[in-house]
Amino acid sequence: MPKEKFITSIDIGSTKISSAVAAVTDNKVSIIGVSGSVPSKGISKGNVVDIDAAVESISSSLERAERMAGVSISSALVTINGTHIETQNSHGVVAVSHQGSEISTEDVIRVTEAAQAVSIPSSREIIHVIPRDFMVDSQAGIKDPIGMSGVRLEVETNIIHGSSTAMKNLIKCVSQVGIQVDDLVYIGIASAESVLTDTEKELGTVLVDIGGGTTSIVAFLEGSPIYSRVLPIGARYITNDLAIGLRTRLEDAEKIKIKLSNEKQEMFIQTAVLTNGDRKKMEEFDVSEFGLESDTVHKKLLYEIIDARLNEIFRLIVLEINKANLQGKLPAGLVVTGGGALTAGVEKVAKAVMKMPVRVGFPRGVTGLIDEIQGPAYSATVGAVLYGVGKMKSNTMLNFDTGRGKMNSVFSKIIEKLKSFLP
Ligand SMILES: Nc1ncnc2c1ncn2[C@@H]1O[C@H](COP(=O)(O)OP(=O)(O)OP(=O)(O)O)[C@@H](O)[C@H]1O
Ligand SMILES: [Mg+2]
């Protein structure tokens, strides 16, 4: 029987912390423990702003997942988010060490290290180094050069980096709970693992995770990430707008927003057989349970408020796509995930603004206790588990430690960053 290993992920969001524990065998990733949504405290727009409060929320999320899984957790993959996250594409070139012979893993590491020789300020640290494309003696389009013959090896990489302070604070919080951080995963990369198909990544697509406080973007082209960006705006803004527009409390505005998104399907039911009275009823939205000035609100008003904010979010995404020079290069369109992807009318507004195909992305690729984590708000939680599985598998595949002695620390650091992305 294949040996079972455990992988835990913690998604530290601005509105909720969610953890998942997975039992991993050769061909199955089974979720055995989940925390559900623990309200997050001490986190704002993806960043830790109060260590004690954040530690408390992370701790209760992990406790729940641990209890359900019935295993003791000592380490976890942790998502990282925030406007400090930036991306950069860079090129590296080296001579193959033993000319005439095969390209080795060390050559791949050296060339990727060369690509990292870009000026990144000392206040920042690399989160991911993703080899996008290798070239051997000017022949491009090579995904795995190990074992090929050649003299000159080049690589195009996508580097994702972030503020060292933000990372240190995040790691500090998780360490205080007694958990070692296996790796930090940018939320866009994590969500992409569970939501995007290989075809979408290959054709060109932009994944957008709309959370409570942030909108995290990652664009894929030819199978790999090419651009990432985090906007300091999320679905909580929609709630705020509704609270102001309806003159109600935030808690009630949030409930009204969710009630509307749960009900949106009804709008399309049998409109042909409706009487005028029915139509009138459909235009009104029942808010009697929330103690507003009147018992109903025009749906038109609700959609005007929601659409205005969604419009703004998607316009900002268009600007990012233009900034990355990706206009017209993303035929697989936009995939929206995160809790905000459930907002009523999200696909309609996204299509109108982005002028590309749009779908809502749900997390996939795991079995087991999936009931609690099947919504788009859990894409990053599930994706971080899958990212860890990829890392675990490539560790075995590459076998860096056998017969070659210990790598020096710079090398082992790069290897760590690289492993999960190598073919
Ligand atoms: N059914 C729903 N309909 C409309 N909005 C929803 C629904 N469910 C969740 N949301 C919204 O999604 C947001 C939370 O999303 P999510 O859980 O992805 O955020 P987060 O990960 O905590 O935040 P972030 O990623 O910004 O740090 C909230 O603003 C919430 O109102
Ligand atoms: Mg999130």
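The values are calculated or read from the model by the stated rules, or taken from the named source; none is laboratory data. Worth saying up front: this structure is predicted, and the values here are computed from it rather than measured. Every residue, glycine among them, receives a Cβ derived from its backbone with ideal geometry; neighbour counts consider all protein chains shown.
For the stretch 128-145, taking the residues that are more than 16 Å from Leu221 (Cα to Cα) and touching a residue at least 60 places away in the same chain (Cβ under 8 Å), the one that is farthest from the chain's Cα centre (by Cα) is identified as Asp144. Return a yes/no flag: does the stretch 381-390 have any residue that is more than 30 Å from Gln180 (Cβ to Cβ) and either without any contact (Cβ under 8 Å) to a residue 60 or more places away in the chain or surrounded by fewer than 21 Cβ atoms within 10 Å (Cβ to Cβ) (or both). The answer is no, given that none of the residues of the stretch 381-390 is more than 30 Å from Gln180 (Cβ to Cβ) and either without any contact (Cβ under 8 Å) to a residue 60 or more places away in the chain or surrounded by fewer than 21 Cβ atoms within 10 Å (Cβ to Cβ) (or both). I'd like the full set of residues that are surrounded by fewer than 18 Cβ atoms within 10 Å (Cβ to Cβ), of a type in the set (Asp, Glu) and in contact with a Ser or Thr (Cβ under 9 Å, 6 or more places away or on another chain), limited to the stretch 1-52. Of everything in the stretch 1-52, those that are surrounded by fewer than 18 Cβ atoms within 10 Å (Cβ to Cβ), of a type in the set (Asp, Glu) and in contact with a Ser or Thr (Cβ under 9 Å, 6 or more places away or on another chain) turn out to be Glu4, Asp50. Just to be sure, is Asp11 touching a residue at least 12 places away in the same chain (Cβ under 8 Å) and acidic (Asp, Glu)? Yes. In summary, Ser194 fulfils each of the numbered conditions (1) polar (S, T, N, Q); (2) farther than 30 Å from Val29 by Cβ; (3) surrounded by 23 or more Cβ atoms within 10 Å (Cβ to Cβ) with the single exception of condition (2).
Residues are listed down the side, and each one gets a yes or a no for (1) among the charged types (D, E, K, R); (2) within 30 Å of Lys45 (Cα to Cα); (3) touching a Phe, Trp or Tyr at 6+ places or on another chain (Cβ under 9 Å); (4) surrounded by fewer than 22 Cβ atoms within 10 Å (Cβ to Cβ):
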{"residue": "Ile73", "(1), (2), (3), (4)": "no, yes, yes, yes"}
{"residue": "Thr79", "(1), (2), (3), (4)": "no, yes, yes, no"}
{"residue": "His84", "(1), (2), (3), (4)": "no, yes, no, yes"}
{"residue": "Val93", "(1), (2), (3), (4)": "no, no, no, yes"}
{"residue": "His98", "(1), (2), (3), (4)": "no, no, no, yes"}
{"residue": "Ser101", "(1), (2), (3), (4)": "no, no, no, yes"}
{"residue": "Ser104", "(1), (2), (3), (4)": "no, no, no, yes"}
{"residue": "Ile109", "(1), (2), (3), (4)": "no, no, yes, yes"}
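The residue that is farthest from ligand 1 (Cβ to nearest atom), among those in the stretch 1-40 that are over 20 Å from the mean Cα position of the chain (by Cα) and not in a strand (DSSP E or B), is Met1.
As for the stretch 219-230, it holds at least one residue that is surrounded by fewer than 23 Cβ atoms within 10 Å (Cβ to Cβ) and within 16 Å of ligand 2 (Cβ to nearest atom).
Residue check: Leu316 meets all listed conditions (1) touching a helix residue (DSSP H, G or I) at 6+ places or on another chain (Cβ under 9 Å); (2) at pLDDT 95 or above but one, namely (1). Restricting to the stretch 231-270, and then to whatever is modelled with pLDDT of 95 or more and over 20 Å from Phe290 (Cβ atoms), can you tell me which residue is surrounded by the fewest Cβ atoms within 10 Å (Cβ to Cβ)? In this case the residue turns out to be Pro232. Criterion first (away from ligand 2 (no atom under 16 Å from the Cβ), out of contact with any helix residue (DSSP H, G or I) (no Cβ under 6 Å at 6 or more places or on another chain) and among the β-branched types (Val, Ile, Thr)) does Val206 satisfy it? Considered against the rule, which asks whether it is away from ligand 2 (no atom under 16 Å from the Cβ), out of contact with any helix residue (DSSP H, G or I) (no Cβ under 6 Å at 6 or more places or on another chain) and among the β-branched types (Val, Ile, Thr), Val206 comes out as yes. The single condition among (1) surrounded by fewer than 22 Cβ atoms within 10 Å (Cβ to Cβ); (2) among the hydrophobic types (A, V, I, L, M, F, W, C); (3) in contact with a helix residue (DSSP H, G or I) (Cβ under 6 Å, 6 or more places away or on another chain) that Val185 does not meet is (1). Of the numbered criteria (1) in contact with a His (Cβ under 9 Å, 6 or more places away or on another chain); (2) of a type outside the set (Ser, Thr, Tyr); (3) more than 30 Å from Val151 (Cβ to Cβ), the one Val49 fails is (1).
Does Ala115 qualify as being touching a Lys or Arg at 6+ places or on another chain (Cβ under 9 Å), of a type in the set (A, V, I, L, M, F, W, C) and either closer than 27 Å to Ala384 by Cα or within 16 Å of ligand 1 (Cβ to nearest atom) (or both)?
no
Scanning the stretch 174-214 for residues that are within 15 Å of Ser228 (Cβ to Cβ) and among the polar types (S, T, N, Q) returns Ser191, Thr205, Thr214.
Residues in the stretch 52-98 that are in a loop (DSSP other than H, G, I, E, B) and under 29 Å from Leu231 (Cβ atoms): how many?
Summing the residues that are in a loop (DSSP other than H, G, I, E, B) and under 29 Å from Leu231 (Cβ atoms) in the stretch 52-98 gives 5.
Residue pairs whose Cβ atoms lie under 7 Å apart, sitting 6 or more positions apart in sequence or on different chains, and linking a residue in the stretch 208-227 that is away from ligand 1 (no atom under 16 Å from the Cβ) to a partner that is among the aromatic types (Phe, Trp, Tyr), are Ala219/Tyr227; Ile226/Phe220.
For the condition within 14 Å of ligand 2 (Cβ to nearest atom) and not small (Gly, Ala, Ser), what is the one hit in Thr79, Thr8, Thr25, Thr87?
Working: Thr8 fails: within 14 Å of ligand 2 (Cβ to nearest atom); Thr25 fails: within 14 Å of ligand 2 (Cβ to nearest atom); Thr87 fails: within 14 Å of ligand 2 (Cβ to nearest atom).
After ruling out the rest, the residue left standing is Thr79.
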